[in-house]
Structure formats: structure tokens, C-alpha cells
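A.B. asks: Supplied in C-alpha cells, the structure appears directly below.
What follows is calculated from the coordinates using simple rules that are stated; it is not laboratory data. Small disclaimer: the values here were computed from a predicted structure and weren't measured. Positions of Cβ are backbone-derived with ideal geometry, glycine not excepted, and every protein chain shown enters the neighbour counts.
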């Protein structure tokens, strides 16, 4: 069955520290992958996507992610976290021509000054 | 462009009532989806559409209907509201698979 796992429900980091949020997927076809961010009471904003090509993708707000097919992972990274990065982050995966997406359960990021 | 708009922002229903959540996009996107978001469960796909006149079920379609008569609009109908449908509902659209979906601001629905 198709699934997306975000193993960390809640992560706390200090401002300026590096960040890595984990995402693992199980999908039969070649996937396309996304990371979204959601601030409290808001909709979801696309941070970055992997569709094909270079497995290291750059996104907005200084985020990047690396697609590792052998590990079925698409981890999100940022070298130095800002207080404004505090939010919930969702990994999503899809395939084929319908644009149906499966979302992970999310990781809540808390940033301490 | 307004992007993806949803109305209403908040709604309270009594069990058994029906209502329609509105979703519209002005980006000429063919692909549209409805999700529900519940604490600890991420977003789950209710229904989706790949173009006007074409809809299909997602992961949790029971109790919901959709139609897509125009490219711009994709309303979600609750036929007979139940407390289990208390949730935040998001509409999203995209211009092609794999290119990323744009989300509306959401509708918070409470069923008592």
C-alpha cells in the first residue's frame, strides 16, 4: 500500500541550528515528492518539489531536500533555522497522471531563541 | 490573481444538515482536490478532479459528493452532516501532475 511516514511528530531546535526533517515513502511507481509548510490557522504553502532530474532540490526560504531512491526518502534540510520557520511541515508523494497526493502526518517544528 | 478561494471560512452544522463548501480558482488549473485535515492525521484526500466533468474518489469519500461543471469551480457537498465530519477542509489546484498543488485557506467545519 502507498504510504508516507514522517517519524518525528515534534522537533525543537535553537535558532541558528541546522534542521533535518525526515520523510520516508512507500510507492510502487516512480514518485513525485513535495514538502509543504503550514503556519497556524493557514493553508499549505509549497516549499519544494522533486519531479525528475537532479535529486537535490532547492526550495523557498532556504530549504532543500534530497531524493534518495535506494532509501525511499526525501528529507528536508535547512542549514540555519530562523524563528519564523516555526510551523508544521508535511511531506507528500504522488505518481501517475491524476495528481492524487498522499500526505504524511506532519512534523511540528518549534524554534527557541 | 486571487488563487484558490474557499467559502465559508467557518461553519457550524447540526447533525443531519446538508451544506456545500465552495472552492474556486482563477489560474485555469485542470486538477483540483479536496482534503480534510484532522489532528495527527495529516491531510486525507476526499475527492479529486482531472478536468471539467471528471471526478473521482479519494481516500475518504463517504458522506461527500463533488461535481465539476466548470474549470474554475469544485464544490464539495456534505449530504447529511455527522460529528465525524468535524474537520478543516482544504481545496487545492494544480496545472499538471507533479508540479505542486496550490491550497486555499481552508474551511473549519464543526458538526454538533
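A.B. asks: In region A:60-82, is there at least one residue being within 11 Å of chain B (Cβ to nearest Cβ) and either buried (at least 18 other Cβ atoms within 10 Å of the Cβ) or touching a helix residue (DSSP H, G or I) at 6+ places or on another chain (Cβ under 8 Å) (or both)?
C.D. replies: No, there is no match, as no residue in region A:60-82 is within 11 Å of chain B (Cβ to nearest Cβ) and either buried (at least 18 other Cβ atoms within 10 Å of the Cβ) or touching a helix residue (DSSP H, G or I) at 6+ places or on another chain (Cβ under 8 Å) (or both).
A.B. asks: While we're here: Hey, could you check region B:16-59 for residues that are buried (at least 19 other Cβ atoms within 10 Å of the Cβ), in contact (Cβ under 8 Å) with a residue 12 or more places away in the chain and not in a strand (DSSP E or B) and say which is nearest to the other protein chains (Cβ to nearest Cβ)?
C.D. replies: B:58
A.B. asks: Filtering region A:26-45 down to residues that are surrounded by fewer than 19 Cβ atoms within 10 Å (Cβ to Cβ) and assigned to a strand (DSSP E or B), which residue is nearest to the other protein chains (Cβ to nearest Cβ)?
C.D. replies: Only one residue fits best here, namely A:45.
A.B. asks: Taking the options A:14, A:3, name whichever one is away from chain B (no Cβ under 14 Å) and either surrounded by 13 or more Cβ atoms within 10 Å (Cβ to Cβ) or farther than 26 Å from residue B:6 by Cβ (or both).
C.D. replies: A:14
A.B. asks: Of the residues that make up region A:4-24, is at least one in contact with a strand residue (DSSP E or B) (Cβ under 9 Å, 6 or more places away or on another chain) and free of Cβ contacts under 8 Å to residues at least 12 places away in the same chain?
C.D. replies: no
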